[in-house]
Structure formats: C-alpha cells, structure tokens
Amino acid sequence: MAGVTAAVLAGCTCTAAALFLSGAGPTCVLSAVTLLVAIVCTVLFARSGSPSHVCVLVLGDLGRSPRMTYHALSLVRNGFSVTLAGFRETLPHRDVLNNQKITIHQLSDFKVLKVGPRVLRYVLKVTVQAVQLFWELLKIDPPSFILLQNPPGLPAIAVTWFFCLLRRCQLIIDWHNYGYSIMSLTNGPRHPIVRVAKWYEKIFGRLSNYNFCVTNAMKDDLLQNWRIKAITLYDKPPSIFKETPLELRHQLFMKLAEDYAPFRARSDFAGTHVERSAFTERNLTTGAVTYNEGRPALLISSTSWTEDEDFSVLLTALEDYDMLITKGSKLPSLVCVITGKGPLKDYYCKLIGELQLKNIHICTPWLEAEDYPLLLGSADLGVCLHMSSSGLDLPMKVVDMFGCCLPVCAVNFKCLHELVKHNENGLIFEDSRELAAQLKMLFMEFTSASSKLKQFRQNLHDSKQIRWDESWDQTVLPVFRDHGKKHH
C-alpha cells in the first residue's frame, strides 16, 4: 500500500508540474490536482469509516462555534469518538480541549491578498479552500458521518458531499442560517455572487443525508422553498450557563479589574481588611462577600461584530440614558460590557471612544471560554442586537443568557418570538429610543426585590428550561443510533 501511495502522490506532483510548465492556467492546474487527489481517496481510503466515529466540521473558528463544540461533547458522551475540524483562532472551552475522545484537527485559513477585482479574489479563495479542505479530510480517521455547520457552506458543502460520496459516509448539515443572506448584507441581494451562492446552497444542500436547523421557521422555509427536510434542534444552554454565586462573581470582577478599568473600585477607599471591585467587596477577615452599596448596574452584550448587528442602536440608547442621569433621574450608573471578536470591532470601538458619557463605562473584552458564562451569570441585564440576515435564525447569545436566568432586551425581527417572550422573560424593542426607555424602566430601583428585572429573572427560574444535553439526546441521537443499527 505504501508503494501505491507513493506512486499516486508522485503522479499528482508530476501532472501538476507538467501542466504548469506547458502553460496551463492556475485553475486548470488546481482542477487536475483535485481530480488526482480524488483518485488517492478512492485508492487509499475505500474502506468504510467506523460507525462510532464522527467528523464535526466548521469552516470557521472553533472557539466561536459553540453549537458545534456542544455537538462534539454530546457525541462523546454517547460513546462516539470525534474529530473536530476547523480554524483555531481562539480556544474552545477546556471541556473540549481536555476530552480524550475529541481530536482537534486544525484547518488552514487561506488569506487572499487585497489586490485585484473583488470577485476574482473571492473565486480564488473558494478554489484554494476547496482543495485544502478535501486534502485535510483525507488526513483524518475515516468517519461514518460528517456533521457540517452552514454557514459558511461555500465551498464546504460541495467538498464534503463529494468526499462522503467517495468514502461512503453520511453528510449531515446543521443549518444555522443561510450563507447567501449574510453575503447580501454587504453585496446586496442582486449581486451575482449572492445569486450564485443561493443557487449553490439550494442545490448542494439537497444532497445531504440529514439536516438540522435552529428554528421551526427555517425548517418550514427549507421544505417549502428548498425541498430540504430538516429537524429543528433549538439552541439550548449547556449546564455551564447558570447564575454565578456571589463568591465567584467577586473573583471574576477582581480578575477583570486587572485589565479593565470599569471593574475597578470607584473610590480610593482601601481598608486593610477589605478587597473591592466596582460591584462587590470581600471582608478579608471573615471572607464574606457582599455587594457595594450604590453599585453600578452591569449590562452585557455579546457580538461577532458583523453587519447583522447595528451597535449604534445601543450606543445611542446609552447616550439617552446618560442624559437622564445628568438631568437628575434617580438611576444607577452603568458598566456596559460588549464581548466578542469580528470585522467591525475597530469601527465601533472608534465610535465608543468618541462618546462623552459621564455615568456609563464601556469595555470590549475578549473573554476566555470559561469566563464568559461566569460573566453572564453575574450581569443584571443582557442586550441583543442580532438582526437575522434571513429572519429565520435565533441569537444563541440570548439562549446562553436565559440559561443564566439573565433577562434580555432584544431588537425585534421575524421569528424572535420563538425565543423571547415580551414582558415575560425580557423585552423586545424596535429602535434606540424604545431601548433607552426600557433601560430606564428596568434599572429604576433595580436592586429592589419587587423590580421588573427580578420578576423577569424569577420567570426564567420558574420556566425550568430544557438543557442542551436533554434536547440533543431527544432530537439528534436517534439519527446517529438508527444509522448505526442499519449498518451494524
């Protein structure tokens, strides 16, 4: 077999070199190499994959793909071994990193030089990514399933379908949104690239063996407009998302205070027996932790800093709130934490730097995977500015907030009602003026036991939310188990 391997790989190299020297263009060379790689696949990897091995694939950053890492953890909990493939720009949760049944396979993220026509640069990136992804799939242990996140699905859906065809394994697509609808935010719905992307998703999406999606609205749309049958798997919070005990809150605040000024104590008071953050204090003699009298309220919003979230809405609402305090309203000062990474972060950080706020402190940290649930569980209110590009997906950040019993103010869009119940577990707003009014109402005497925030929090407690593990076992596990029985 080693001799066959060497011969086929040598053939790939020689053919590519010959084509290049003969004057063939880069596209021709890449096409020939891809074809020869397919031959390698059929020669060397004809055997079926293990029924208990699954490849969970993301053509994106694993650290910012929580739903797919939850899939991986649920699979190993049910006896499967997992190859988790994706980019490693940020680290996933330590539960993933430390699990011996999860092998992380790092993909290369091809960066195109920002020269030449935009369309050509995009075509080049997709072509190179297709070849890279196919080659990387050849390297992993043979799986019986590939569970693929979409978006991004170009070129991942076509490449994984072709690989699964050759390898005789099953392709499962987990539809989080539509890739073409995200592209339309920057290019417009009539752009040729957007039209091609929509055609591509519709055609290749039908070739999958199974499909999951995040809302019933998307399930209906996939069936009616794309002829794709999908099972709704709502995002649910895993057990790590819960209210944070006061002791852990203080430890987190003190840790964040080392790097972020808004978490530091406001006064120079420094008793020898007291350790203070902006929100809490610990008596070093007794170890008791209490909230500071007159503490600020803690507002949190998480984002991927993309076009489908307009943070100017929040910034304008905060300016209005700040003006209310300046004019004498009995409202607490705010610490506003906006977490995440993404392409528009620098743009919004510049806007934040230009604000003249007297009673509000804003910081934009990137939190470690272990600290993010702790901060959600310590906050007073969450704000969500996710405007679905398709109108068919739901913000996972709100799911996580609800797991921590954290009430939410969320901007309205088509199917938000599947998650946020207005005036029950939070509030829905249309614009910055309405959000500012909601902030005023919710933070008025927000520490009181009879406050609206406390009522929303109690409603979340009483709702006894279903968790990810239970939902996954009911919805996803039968797909893997039934297929395994058929091929046992």
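The values are calculated or read from the model by the stated rules, or taken from the named source; none is laboratory data. Note that the structure is predicted; figures quoted are calculated from it, not measured. Using ideal geometry, Cβ is built from the backbone for each residue, glycine included, and neighbour counts are taken over all protein chains shown. The accessibility values were calculated without ligands, DNA or RNA, using every heavy atom of the protein model including side chains. Shrake-Rupley method; radii C 1.70, N 1.55, O 1.52, S 1.80 Å.
Sorted on the mean count of surrounding Cβ atoms within 10 Å across their residues, most packed first, peptides 198-209, 72-83 read 72-83, 198-209.
Normalised by the number of residues in the range 326-470, the average gap of Cα pairs under 8 Å and 6 or more apart makes the relative contact order 19 percent. Taking Cα atoms only, the orientation of helix 216-226 departs from the longest principal axis of the chain by about 30 degrees. For the chain, the Cβ-based charge dipole about the Cα centre amounts to some 1300 debye (Lys, Arg positive; Asp, Glu negative; other atoms uncharged). For the pair the range 266-338 and the range 432-481, the centres of their Cα atoms are 20 angstrom apart.
Shown here are the Rg and Dmax of the Cα trace of the range 374-488, at 17.4, 62 Å. Here's how it looks for His386: its modeled amide H is under 5 Å from those of Val411, which are all 5 or more places away or on a different chain.
DSSP beta bridges fully contained in the chain are about 15 percent antiparallel.
When the square roots of the Cα gyration tensor eigenvalues are ordered a ≥ b ≥ c, the ratio a/c for the range 172-261 is 1.5 or more and a/b does not exceed b/c, which makes its shape oblate. In order along the range 370-378, the phi-based Karplus estimate (6.51 cos²θ - 1.76 cosθ + 1.60, θ = phi - 60°) of 3J(HN,Hα) comes to 7, 7, 4, x, 5, 5, 4, x, 10 Hz; Gly and Pro are listed as x. With respect to the chain, whose longest principal axis is taken over its alpha-carbon atoms, helix 452-462 is tilted by about 50°.
Residues whose amide H falls under 5 Å from that of Thr103, counting only those 5 or more places apart or on a different chain, are Val82, Thr83, Leu84, with hydrogens built in the peptide plane. All alpha carbon pair distances within the range 213-316 were sorted into 10 Å bins beginning at 0; the resulting P(r) in whole percents reads 12, 26, 24, 17, 12, 7, 2.
Relative to the longest principal Cα axis of the chain, at what angle does helix 312-326 sit, 0 to 90 degrees, rounded to 10? For 312-326 against the chain, the angle is about 10 degrees. For the chain, the calculated P(r) over all alpha carbon pairs, in 20 Å bins from 0 to the bin holding the longest distance, is 21, 50, 24, 5, 0 percent. Accessible surface for the chain, divided over its residues, is 47 Å² per residue with a 1.4 Å probe.
Specify whether the C-alpha gyration tensor of the range 307-457 places it in the rounded, prolate or oblate class, a ≥ b ≥ c being the square roots of the eigenvalues: rounded for a/c under 1.5, otherwise prolate if a/b is larger than b/c and oblate if not. Here the range 307-457 falls in the rounded category. Exceedance of the 31 Å cut-off in Cα-Cα distance is limited, within the set Lys219/Lys341; Lys125/Lys414; Lys327/Lys464; Lys202/Lys236, to Lys125/Lys414; Lys327/Lys464. Here the range 42-178 exposes an accessible surface that is 57 percent carbon and sulfur, computed with a 1.4 Å probe and the other protein chains kept in place.
Based on the alpha-carbon gyration tensor of the range 120-163 and its eigenvalue square roots a ≥ b ≥ c, which shape applies: rounded if a/c is under 1.5, prolate if not and a/b is larger than b/c, or oblate? The shape class here is oblate. Every helix of 4 or more DSSP H residues in the chain counts as -39500 (n - 2.57), and over all residues that averages to -13500 deg cm²/dmol at 222 nm.
Placing unit charges on the Cβ atoms of the charged side chains and taking the dipole of the range 271-328 about its Cα centre, the candidate lying farthest along the positive direction among Thr280, Met323, Thr303 is Thr280.
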